[in-house]
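Written below as structure tokens is the structure these notes are about.
Please treat every number below as a calculation from the coordinates, not as lab data. Because the structure is predicted, anything quoted here is derived from the model rather than measured. Cβ placement follows ideal geometry from the backbone for every residue including glycine, while neighbour counts extend to all protein chains displayed.
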Amino acid sequence: MRELPPENRRKTTCRWGHPLSGENLRLTRQGYRVCRKCAKEARRRNKPLELFLARKRKVLYHGYRKTVVKNVQRELVEQAFEAVRETGSIRAGGDVMPLCKWRALLFFSPRIHAAVWRIKRDRPAVSLKRVAAPAILRNSGRDAFTAVMEATANVFVDIRDDVRADLFVAIAEGRVRLDGISNAVRGFITAYNRREKNSVQSKWGHYSLDATFSDDGDGTLLDVLSDDHKLWQ
């Protein structure tokens, strides 16, 4: 038993005037004197907090108690460990068993809780490579739209929409930068004219000579034009 300091040994009442003797005195294992009336009053004041914590634990674990450690199968615990090891998240154990049971298992079993934290701590860190978004996706596409519209404002009206469409595709694929759109417009106009040079005009628009003549065969429009029977006429 711990020996009390002389100044405390001479005290006959607690700080609230209750006698430290008889039935009102309780000695702790460490040798301290405790006033029973003050302890009872403290328990009464803290009772709402204890009830609140008890209700919180009941909701958190849905009625699970220390017996959950014995009831959970070892294979289930190992599966939960493996889920934590793969994802790096302790909450992943709740995907193997009910989340409330997993929380109760960690709360009532310090050894399992420590093992789970070791798995999370020793899991090798995964380095994530940050990939820059394409220019057309930045600022909701407004920057790319404005740049293309300004760069193609003087393009011939009949081919303007097609050139703009090709530019948008090139920006999305990363072949053209936003700051190089003005210099790339001439090249896209040339590519469009070269592509349309080997096509024929009809009431439905341009058709490539390499396109199939019909859905039933592999013949192309170029084959029809070069036929000796002049089927095109």
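Below is a table of values for the structure above.
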| quantity | calculated |
| --- | --- |
| Radius, Kirkwood style, for region 6-46 when every pair of distinct Cα atoms is counted (Å) | 10.8 |
| Sorted by Cβ neighbour density within 10 Å, fewest at the top, the residues M97, M149 | M149, M97 |
| Backbone HN-Hα couplings from phi across region 88-105 [Karplus 6.51/-1.76/1.60, Hz, Gly and Pro as x] | x, 10, 5, 5, 5, x, x, 7, 8, 9, x, 4, 5, 5, 5, 5, 5, 5 |
| From phi via Karplus (6.51, -1.76, 1.60), per-residue ³J(HN,Hα) for region 28-42 in Hz, x at Gly/Pro | 7, 5, 7, x, 7, 8, 10, 7, 5, 5, 5, 5, 5, 5, 5 |
| Residues with amide H under 5 Å from that of L20, placed H, sequence gap 5 or more | T13, C14 |
